[in-house]
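Input: a single structure, listed below in structure tokens.
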Amino acid sequence: MSTGLWIGVVAAVVAALAVAGALWRPLRAARREARLARARQQFKLQRERLEAKFFSLAASSGKPRGLRWVDCDFDNLVTYARDRKSGQLSAFVGVTISFEAIEGGLMEGVEAVGNLRAATAVFIYGRQGWETQGRVMFNLNPSEAIAYYVSLVELVGNEGLS
């Protein structure tokens, strides 16, 4: 092969890589948006089941120590975030939790036990759809939770019940 032909082949390969690189970002962004739209729709459809599972798991966690979960009121607004490294989606929902002291426990007789607690419930979107491990972030609303973990997650949207 002549030198001119090699230069032509190399130029064609470089041009093809440049075109592929230019197309990659918009395609990736479109794929992420489509995935987010599917995830939002699934969250709406599964929300009641997810809330019940969250309450069951969180209430059985033994946290906070000495308290029994009595009720958990979920806000309408869902805040979605994406893990900056893995791309995994999460849903953050504000909750208001009420507790009662466990009889004979350390918190029995403490007046503040009856105070409502603000927190954020966390839901994760994986290959099998939405799940929860009952993870709760006390004293943070969803926006504050995302701001606190801004180095790990990025906000991708909010959506209320309709």
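For the pair residue 12 and residue 77, what calculated FRET efficiency results from E = 1/(1 + (r/R0)^6), where r is the Cβ-Cβ distance and R0 = 30 Å, to the nearest 0.05?
On the way: r = 52 Å, r/R0 = 1.72.
Efficiency computed from Cβ-Cβ geometry: 0.05.
Computed from label points 7 Å out along Cα-Cβ, the spacing between residue 36 and residue 159 is 1.1 nm. Apply 1/(1 + (r/R0)^6) to the Cβ-Cβ distance of residue 101 and residue 150, taking R0 = 35 Å, and write down the FRET efficiency to the nearest 0.05. Efficiency, rounded to the nearest 0.05: 0.45.
Mind giving me the FRET efficiency for residue 60 and residue 116? R0 is 22 Å, r the Cβ-Cβ distance, nearest 0.05 is fine.
Working: r = 21 Å, r/R0 = 0.93.
Given R0 = 22 Å and the Cβ-Cβ separation, E is 0.60.
Only helical DSSP H runs with n ≥ 4 go in: add -39500 (n - 2.57) per run for the chain, normalise by residue count and round the 222 nm mean residue ellipticity to 500 deg cm²/dmol. Here the helix-only value at 222 nm equals -14500 deg cm²/dmol. Building the convex hull from the alpha-carbon atoms of the range 48-162 and averaging its projection over directions returns 7.7 nm².
Readers should treat all values here as calculations from the given coordinates under stated rules, not as data from a laboratory. Predicted, not measured: the structure shown is a model, and the values here were computed from it. Positions of Cβ are backbone-derived with ideal geometry, glycine not excepted, and every protein chain shown enters the neighbour counts.
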